[in-house]
Each structure stands twice: as C-alpha cells, then as structure tokens.
1. Can you give me the Rg/Rh ratio for region 25-151, using Cα atoms for both radii and the Kirkwood formula for Rh?
2. With θ set to phi - 60° and the Karplus curve 6.51 cos²θ - 1.76 cosθ + 1.60, what are the ³J(HN,Hα) couplings of region 104-113 in order, to the nearest whole Hz, using x for Gly and Pro?
3. Provide the FRET efficiency to the nearest 0.05 for the Glu88-Lys22 pair, computing r from the beta carbons and using R0 = 30 Å.
4. Given a 1.4 angstrom probe, I'd like the percentage of the accessible area of region 70-137 that is carbon and sulfur, rounded to a whole number.
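The values are calculated or read from the model by the stated rules, or taken from the named source; none is laboratory data. Because the structure is predicted, anything quoted here is derived from the model rather than measured. Ideal geometry is used to build each Cβ from the backbone, glycine not excepted, and the neighbour counts take in all protein chains shown. Side chains included, ligands, DNA and RNA excluded: accessible areas come from the protein's heavy atoms. Shrake-Rupley method; radii C 1.70, N 1.55, O 1.52, S 1.80 Å.
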Amino acid sequence: MNSLIKISTILFIILPFFAYGKDVLKAKEGITWDSENQEYLATGSVIYESKEIKILSDYLRAEYQIENEKEIFNEIEIKGSIEIFYNEEIYYSDYGLYFKQKDLIELYDNVKIVSEDRILKGDKLIIDLKNNTRTMSASKKESVVEVFINE
C-alpha cells in the first residue's frame, strides 16, 4: 500500500508537467523520472501523445532538456509492439527512435506502414515528418520491401 501511495504521488507530480508541455505520457506498469539524467522510463502499455503524433509501445525512454523552465523531449526510444499514428497512416515496428527536434522517426524490425490505399513492409523505415517523406528499405540480404496496393 505504501508503494502505491508513492507511485500515485509521483504520477500526480509528473503528469501536470506533461500536460503543460502539451505532451502526455501514460504507462500501465509505471513511469520513472530520472532528473539527474534528464529522462523518463515508462513500461507496460505505454502511450505517448503530442499534438502531432500518438505512439503506443511496451517500453519508452524519453530524454529531455530544460528550456524556459519547461521539459522538452529531444529523443524518444521505443520498444515492443510499436504502433505510431500520424496523419492518415499507422506505422508498426519492434524498435524505434523518434528524434523530436529533427522531426525524424527511425523504425527497425518488422516494419509496416498501413494507409487507406496501401501497405508497405520492410526492415527499416525513416519517416521525415518535416519533408513528408517515407523511406523503406530491406536491411538483410534475403529481405525485400513489399507494397500492397488496394485497387
């Protein structure tokens, strides 16, 4: 019971910072805030949302910096059962990095893009949010990039 009170208190203190910065981080198992290393670790049915993007995963590590007395995420590492919702597309993967300041997402392993008219599959995907480009590639010799187009 005592640990439940501690976790509730920490979440009560931390979550308003996320809401203030217009980013929200939720996790079923818990969130650890490491102020010394300026990072958050979240595990278990993790949800990260900002104005532009929604990320679901099993694990998330977010590095931040302090600007104008606010925590600003720079790099977000995600692992396990990843789903990313952006515009009209959904991205799936097992591992990824979101470089928020650069508007760049890199996804690896079992990568898939699902949109209304097509499905793309490959081993590696680079999503350039600023320039609105997607680059899918096969990272292994025996791999191939597949495109399924609905007609």
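1. 1.00
2. Taking θ as phi minus 60°, the curve returns 10, 10, 10, 10, 9, 6, 6, 7, 8, 10 Hz for region 104-113.
3. So, using R0 = 30 Å, E works out to roughly 0.85.
4. 43 percent
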